[in-house]
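Peer 1: Shown below is the structure under consideration.
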Amino acid sequence: MCNKICKIFDDVESTGKELAYALLAMRIAVGLFFIAHGYAKFFGEMGLGGFTGMLTDIGFPMASIFAFLVAFAELFGGIAIILGIMTRFWAFWLTVIAFVAWWTVKGFNIGAGGDIDVLALGLTIALMFVGPGVMSLSAKLKRDNSGEQMM
C-alpha cells in the first residue's frame with residue numbers, strides 16, 4: 001500500500017512515462033504562453049506597429065525588423081514547441097527573446113512582470129537541454145522511420 005502512496009513523495013526517480021507527460025505539459029504551457037504573446041504582437045490592440053514603437057522608444061536598433069522577428073518566433077515557435085518539432089531550435093531562440101525582454105524591458109527586475117520572463121527563461125532553457133520527449137511529433141517521425149514503439 002505504501003509503495004503507491006509513498007511514491008508521490010519520491011523526488012529522485014521518475015519513470016519514462018512520468019517524464020514524457022511532464023515534458024508534454026511543459027511544452028503545452030510554454031507554447032501557449034509564446035503563442036499568446038506572438039499573436040498579440042501581430043494582431044493585438046497594439047499590433048506590430050505598437051510593438052515596433054515600444055522597441056524604438058527603448059532604443060532597440062532596427063526595431064521594425066526585430067519586432068517582426070520576435071512576433072514570428074513567439075507565434076510559430078510556440079506552435080512548434082507544442083507539436084514537439086524543432087523544439088531545441090525554437091527553445092533556444094525563445095530563450096534569447098525572454099532574456100532580452102527581461103533585460104531591456106524589465107531591467108532584470110523579478111517584480112513588475114520580470115517574474116514571468118524568469119519563468120519563461122527557465123522553461124525554455126530546460127526544453128533546450130532535454131528536447132521535446134517521446135510524446136512529440138519529432139519522436140513520432142523518428143519512430144516511423146525506424147519502426148520503434150513509443151514507451
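The values are calculated or read from the model by the stated rules, or taken from the named source; none is laboratory data. Here the structure is a predicted model, which means the values were calculated and not measured. Don't worry about glycine lacking a Cβ; one is built from the backbone with ideal geometry, like all the others, and counts go over all protein chains shown.
Peer 1: If you check residue 48 against the conditions, is it modelled with pLDDT of 95 or more, surrounded by 14 or more Cβ atoms within 10 Å (Cβ to Cβ), more than 14 Å from the chain's Cα centre (by Cα) and hydrophobic (A, V, I, L, M, F, W, C)?
Peer 2: yes
Peer 1: Just wondering, is there one or more residues in the range 62-78 that are exposed (fewer than 14 other Cβ atoms within 10 Å of the Cβ) and closer than 23 Å to residue 114 by Cβ?
Peer 2: Yes, that holds for at least one residue.
Peer 1: Name the single residue, out of those in the range 96-116 being within 15 Å of residue 38 (Cβ to Cβ) and surrounded by 18 or more Cβ atoms within 10 Å (Cβ to Cβ), that is modelled with the lowest pLDDT.
Peer 2: This residue is 101.
Peer 1: Ok, one more. Specify the residue that is farthest from the chain's Cα centre (by Cα); the eligible residues are those in the range 79-94 that are of a type in the set (Val, Ile, Thr) and surrounded by fewer than 23 Cβ atoms within 10 Å (Cβ to Cβ).
Peer 2: Checked the range 79-94; the qualifying residue farthest from the chain's Cα centre (by Cα) is 85.
Peer 1: Quick check on this structure: which one of 127, 121 is surrounded by 13 or more Cβ atoms within 10 Å (Cβ to Cβ) and without any contact (Cβ under 8 Å) to a residue 40 or more places away in the chain?
Peer 2: It is 121.
Peer 1: Name the residue, out of 89, 60, that is aromatic (Phe, Trp, Tyr) and modelled with pLDDT of 95 or more. Walk me through how you get there before you give the answer.
Peer 2: Details: 60 fails: modelled with pLDDT of 95 or more.
Just one listed residue meets the conditions, 89.
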